[in-house]
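Worksheet: the structure to be examined is printed underneath.
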Amino acid sequence: MLGFDTRWHNDLGDAALAELAVREHRILLSRDRGLLMRQIVTHGCYLRQTGTETQLRELIERLQLCAEIAPFTRCLECNALLAGIDVAEAEREIPEGVRQCASAYWRCSGCQRIYWKGSHWEAMRRRIARMCPDWVTD
Ligand SMILES: [Zn+2]
């Protein structure tokens, strides 16, 4: 949602997660201290909070991420980058009701999903604005 290149797995063991983080130069986020203490892990962050919303706030504050966010630039499903597409192209693939209220569209370069500024987008925009008050939407 905030535009960071992320990966999420709950099907990998500690060794595989640590190796993945190192290989892809990622910051490993976890509540598993044993995982973060592995010698191979160079960049890890223990999350004290347990809820996803509070964890997100914790992470934004600790890593000072507000200045780095690029909301709505990545796919919420597969993490690939989004790119703007022609209205005519999008309207061939979206429901009739969406055509009435959306005027701009983006396609995921990975899974090809189409995004628009609908009610879900507005709810996320408000959520982001609460976490990063200085963020300016276009
Ligand atoms: Zn995607």
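Data for the structure
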{"item": "Residue within region 94-102 that is on the phi < 0 side of the Ramachandran plot and within 16 Å of the ligand (Cβ to nearest atom) present", "result": "yes"}
{"item": "Unmet requirement for Leu82, which otherwise passes all of (1) at pLDDT 90 or above; (2) away from the ligand (no atom under 14 Å from the Cβ); (3) among the aliphatic types (A, V, I, L, M); (4) within 24 Å of Leu2 (Cβ to Cβ)", "result": "(2)"}
{"item": "Which listed residue is touching a helix residue (DSSP H, G or I) at 6+ places or on another chain (Cβ under 9 Å), in a loop (DSSP other than H, G, I, E, B) and in contact (Cβ under 8 Å) with a residue 60 or more places away in the chain, from Arg57, Arg7", "result": "Arg7"}
{"item": "Selection status of Ile94, in contact (Cβ under 8 Å) with a residue 24 or more places away in the chain and of a type in the set (Val, Ile, Thr)", "result": "no"}
{"item": "Among the candidates Leu2, Leu28, residue that is away from the ligand (no atom under 15 Å from the Cβ), closer than 28 Å to Met131 by Cα, in contact with a Pro (Cβ under 9 Å, 6 or more places away or on another chain) and not assigned by TED's automatic domain parsing to the domain that holds Ala123", "result": "Leu2"}
{"item": "Matching residues in region 55-79 - criterion: being surrounded by 16 or more Cβ atoms within 10 Å (Cβ to Cβ), within 16 Å of the ligand (Cβ to nearest atom) and under 16 Å from Arg7 (Cβ atoms)", "result": "Arg74, Cys75"}
{"item": "Hits in region 65-77 (condition: in a loop (DSSP other than H, G, I, E, B) and among the acidic types (Asp, Glu))", "result": "Glu77"}
{"item": "Complete set of residues in region 20-38 that are part of a loop (DSSP other than H, G, I, E, B), touching a helix residue (DSSP H, G or I) at 6+ places or on another chain (Cβ under 9 Å) and farther than 14 Å from Arg7 by Cα", "result": "Arg31, Asp32, Arg38"}
{"item": "Subset of region 78-103 (residues that are in contact with a strand residue (DSSP E or B) (Cβ under 7 Å, 6 or more places away or on another chain) and assigned to a loop (DSSP other than H, G, I, E, B))", "result": "Cys78, Ala80, Glu93, Ile94, Ala102"}
{"item": "Residue identified as more than 14 Å from the chain's Cα centre (by Cα) and under 30 Å from Thr137 (Cβ atoms) among Gly3, Gly13, Gly51", "result": "Gly51"}
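The values are calculated or read from the model by the stated rules, or taken from the named source; none is laboratory data. Quick caveat: nothing in here was measured; it's all calculated off a predicted structure. Neighbour counts run over all protein chains shown; Cβ positions are idealised from the backbone, glycine included.
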